[in-house]
Amino acid sequence: MPVFLVNPSDVSFGTAVITPRWLYVLAAATPSAYGDPIVVDETLEPLDLDAVGPGDVVGIGIHTSNAFRGYTLGRLARERGAHVVFGGIHATLFPDEAREHGAAHSVVRGDGDVVWAEALEDCAAGRPKPVYEGGRVSGQTFRAARWDLLPRASYMFGSIQTVRGCPKHCSFCSVWRTDGQQPRQRLAGAVVQEVMELRRLGFRFILLADDNFYPVTLEDLRQAGRRSDQSRLEELQALRAERFELMEQLARLPDDFVFMTQITMEAAEDPEFLDAMRKAHIRGALVGVESVTPEGLKAVFKNFNDAGEALVDRLQAFRTHDIHILGSFIFGLPTDKADTFHATADLAQRAGVSFAQFVMLMPFPGTLDFAKWEKEVGSGVQQIDGVPLTRYWLVPPGKRPKVYLPHPTMSNDEIRRGTQHTWDEFYSIRLIWQRSNFLRSLRSRLAFMLISKLYRQMYANTGMATDSARTNRSARWARWIARPCRRLFVTDPAPDLLSASRDRAHTGASRRTAGDNAAPVQFVRSGQATRQIR
Ligand code: SF4
């Protein structure tokens, strides 16, 4: 029984930055009796529907941003007689919608690792159930991915998950509600084994695709320490110790590894943690800065961030530990004003942020912002082609507005143009060149410029352009530049690499380490927030 695993996308670049981990984890969860799954990442190339036939299984993982394309594929696959199974955060939130609009036979809710095999067995028997509840699996049972199925020469970064869940509760993010607030950490040894698997394929740059790599802050420990019952403190200390254990093991890897992750800004006040990150080759981190003003942070329930000059100091603390920041900023918060755009770009530059993304506030289902918006607009909600705006993902992408939440002082177009202008300003040649001054060689600085421009094309223009011609131009440009960029990140495959230790990693020994201990993951990696990493 052929099994397809599909990551839907409206735009294909031929080359992608980050490996979509969930595809290869579900591939690992597919019993060998069905053969190797056919993995299709549409950010590379669209699914060839002619390859889908009666009785096949087509598993489609969706988040809100690609649900429309996913539903289109679901309908087309079902017309061809395939069993259609949806999963991912969006299908978990709206299982009935996946059946109505995506022609789903089944929906896998939550983590798909264990129940995926059950869903396949039922499809093979011709009795697929409407819903499979995957729940939240423990960190010890996160499954290692089938990287052997990865197409060669297509991706720049490998991806591994080390922790799922986030104790915070930002209003624009669904991670804490879908993945839970209790961090579920994976065993360090299992992470390192998978790192080495990716290294054998030539990946030196690996994204630790975690909800929050720093789930226990010093403030958390202080608060727990004040309780008369010390059990919470012990629990947090154990979680923190596991983080250090992981970083110690990563530190033993060869020096040409570069890891990146997602982290909260509070790590800046924890020099011991930053030192351990640096030693562990964690050289980059996405930090959700969101807003540069205290009012903006309050609006998104992110009071634990700093604003203004204190924010500059905090972000620079990462740089002094040799950790480069991809800062994520949100525009369209009720407290934003016309001068917020330039102030944000200026602060990002002064704070030494290496890369930045500027996103417009987006009400994603599963978030507090979405629930508030849906309640506020009520039954008087605007309709587009008969679809209420609160179900905007069902509107064809070209007809959707770019801004959803009404702003007290700025029009939607002002917010969109201000955001676009901020991308232009931050990624101007002059400012990129300034930011590249931490690199010594001219070649490295030119590579930094190339990557900065690629990042801007892939993440700004394709998401914010108001017409499809501009989106297509951006995709073509990114397609053209992405392939040479890839060569800057990967190295020659080393299939015989044996050990994780720095001393032995390049010895070319002939026996490989055993695979990871088997177990589960989500259908799609995590929740969704205004910011998105493709
Ligand atoms: S935005 Fe980041 S810190 Fe906030 S809840 Fe989501 S994952 Fe946690």
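The values are calculated or read from the model by the stated rules, or taken from the named source; none is laboratory data. The shown structure was predicted, so the numbers you read here are calculated from the model rather than taken from an experiment. So basically every Cβ, Gly included, is an ideal-geometry build from the backbone, and we count neighbours across all protein chains shown. Note: areas computed on protein heavy atoms with side chains; ligands, DNA, RNA excluded. Shrake-Rupley method; radii C 1.70, N 1.55, O 1.52, S 1.80 Å.
In table form, for the structure just shown:
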{"quantity": "Out of PHE244, PHE259, PHE205, sole residue that is aromatic (Phe, Trp, Tyr) and surrounded by fewer than 22 Cβ atoms within 10 Å (Cβ to Cβ)", "calculated": "PHE244"}
{"quantity": "Some residue of region 383-396 being outside any helix (DSSP H, G or I), closer than 30 Å to GLY88 by Cα, open to solvent by 10 Å² or more (accessible area, probe 1.4 Å) and among the small types (Gly, Ala, Ser)", "calculated": "yes"}
{"quantity": "Qualifying residue in region 292-314 (condition: surrounded by fewer than 18 Cβ atoms within 10 Å (Cβ to Cβ), within 24 Å of the chain's Cα centre (by Cα), in contact (Cβ under 8 Å) with a residue 60 or more places away in the chain and under 30 Å from LEU93 (Cβ atoms))", "calculated": "yes"}
{"quantity": "Qualifying position, being assigned to a loop (DSSP other than H, G, I, E, B) and either in contact with a strand residue (DSSP E or B) (Cβ under 7 Å, 6 or more places away or on another chain) or over 16 Å from THR422 (Cβ atoms) (or both), among GLY327, GLY378, GLY366", "calculated": "GLY366"}
{"quantity": "Members of region 276-324 that are closer than 25 Å to PHE364 by Cβ, out of contact with any strand residue (DSSP E or B) (no Cβ under 6 Å at 6 or more places or on another chain) and of a type in the set (Val, Ile, Thr)", "calculated": "VAL292, THR293"}
{"quantity": "Tally of residues being assigned to a helix (DSSP H, G or I) and not aromatic (Phe, Trp, Tyr) across region 58-104", "calculated": "27"}
{"quantity": "Residue list for region 361-376, restricted to those being surrounded by 16 or more Cβ atoms within 10 Å (Cβ to Cβ) and among the hydrophobic types (A, V, I, L, M, F, W, C)", "calculated": "LEU361, MET362, PHE364, LEU368, PHE370, TRP373"}
{"quantity": "Residues of region 107-120 that turn out to be open to solvent by 40 Å² or more (accessible area, probe 1.4 Å) and outside any helix (DSSP H, G or I), as a count", "calculated": "1"}
{"quantity": "Matching option when the condition is more than 16 Å from the ligand (Cβ to nearest atom), out of contact with any helix residue (DSSP H, G or I) (no Cβ under 9 Å at 6 or more places or on another chain) and at pLDDT 95 or above, among GLU133, GLU118", "calculated": "GLU118"}
{"quantity": "Which listed residue is open to solvent by less than 30 Å² (accessible area, probe 1.4 Å) and either at pLDDT below 90 or of a type in the set (Lys, Arg) (or both), from ARG456, ARG445, ARG430", "calculated": "ARG456"}
{"quantity": "Any hit, region 121-144, residues being open to solvent by less than 10 Å² (accessible area, probe 1.4 Å), over 20 Å from LEU208 (Cβ atoms) and outside any loop (DSSP other than H, G, I, E, B)", "calculated": "yes"}
{"quantity": "Within region 154-178, tally of residues that are closer than 17 Å to PHE259 by Cβ and either hydroxyl-bearing (Ser, Thr, Tyr) or away from the ligand (no atom under 11 Å from the Cβ) (or both)", "calculated": "8"}
{"quantity": "Failed item in (1) closer than 27 Å to SER106 by Cα; (2) touching a Lys or Arg at 6+ places or on another chain (Cβ under 9 Å); (3) away from the ligand (no atom under 13 Å from the Cβ), with ARG146 passing the rest", "calculated": "(2)"}
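The rows are residues; the columns are (1) out of contact with any strand residue (DSSP E or B) (no Cβ under 8 Å at 6 or more places or on another chain); (2) open to solvent by less than 20 Å² (accessible area, probe 1.4 Å); (3) without any contact (Cβ under 8 Å) to a residue 40 or more places away in the chain.
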{"site": "ARG21", "(1), (2), (3)": "no, yes, no"}
{"site": "LEU26", "(1), (2), (3)": "no, yes, no"}
{"site": "THR43", "(1), (2), (3)": "no, yes, no"}
{"site": "LEU49", "(1), (2), (3)": "yes, no, yes"}
{"site": "PRO54", "(1), (2), (3)": "yes, no, yes"}
{"site": "VAL58", "(1), (2), (3)": "no, yes, no"}
{"site": "GLY70", "(1), (2), (3)": "no, yes, no"}
{"site": "GLY102", "(1), (2), (3)": "no, yes, no"}
{"site": "HIS105", "(1), (2), (3)": "no, no, yes"}
